[in-house]
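Each remark here refers to the structure printed beneath this line.
Read-outs: derived from the displayed coordinates by stated rules, not from any lab. No experiment lies behind these values; they were computed from the predicted model shown. Every residue, glycine among them, receives a Cβ derived from its backbone with ideal geometry; neighbour counts consider all protein chains shown.
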Amino acid sequence: MTVPGRYLDAVYENGGIPVVIPPFEDEKHLKFYFDFLDGFLFVGGDDYDPSLYGVNVLPEMELAHPRRTYHDLMMMKQVLKQKKPLLAICAGAQMMNIAAGGRLIPHLETGMRHTGEFYHHITVRKGSLLEEIFSETTLVVNSYHHQAMDPNYAGLGLDIIAWAPDGIPEAFSVQRRPFQLGVQWHPERIDDLQHRDLLFSAFIRAAANPAET
């Protein structure tokens, strides 16, 4: 259970102070973090236990440590409840959907490649938070995942705001929240540093201005 340095660099280099939260197994520590942290970043990683959304374990899955799964679920539910600024990346975005009562596609077999740091275009919904951040309705992103939000079972209050060419959701936001965003790609390590910085700086600004959230 580690946090790759590129997440920390992306936060720090865009004006934030990263704080790593250990995956404790009780909820008592959560209030402490919520009292002094301004925003929450959920990072990528291995697959969350599929029993959380009613699916059996498949041979293609590599399960995250149970401590991380339980902790991330507790934390995500509190973030969504308390309306704190949120940026959830890859598996973090998948947990965002799970915590909101949604389901995942447990293994992608659409014919389009989504693994191996594959770069591809996505379509961004006009008027969405992503268009506001990038001023574009088409982006090039880097995929490294074999699961994704099931578009037929989006979590309560989540709006899909970007899609891959095969229809797989690539980003979603929480309705009526200024900045609670999940992205399926990996902006922390994308080759395009401007792309990385636009997204992370928007997140940091939202966290630095709680009156606006």
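Structural remarks
- When the test is whether a residue is surrounded by 14 or more Cβ atoms within 10 Å (Cβ to Cβ) and more than 15 Å from the chain's Cα centre (by Cα), Arg113 does not pass it.
- Residue within region 154-173 that is crowded, with 17+ Cβ neighbours inside 10 Å and more than 15 Å from the chain's Cα centre (by Cα) present: yes
- Those residues of region 154-187 which are over 20 Å from Gly127 (Cα atoms) and either charged (D, E, K, R) or in contact (Cβ under 8 Å) with a residue 60 or more places away in the chain (or both), in sequence order: Asp166, Trp185, His186, Pro187
- Helices (runs of 4 or more DSSP H) wholly inside region 1-91 that include at least 3 residues being surrounded by 16 or more Cβ atoms within 10 Å (Cβ to Cβ) and of a type outside the set (Gly, Ala, Ser): 5-12, 66-82
- Here Thr123 meets each of (1) hydroxyl-bearing (Ser, Thr, Tyr); (2) in contact with a strand residue (DSSP E or B) (Cβ under 8 Å, 6 or more places away or on another chain); (3) part of a loop (DSSP other than H, G, I, E, B) with one exception, condition (3).
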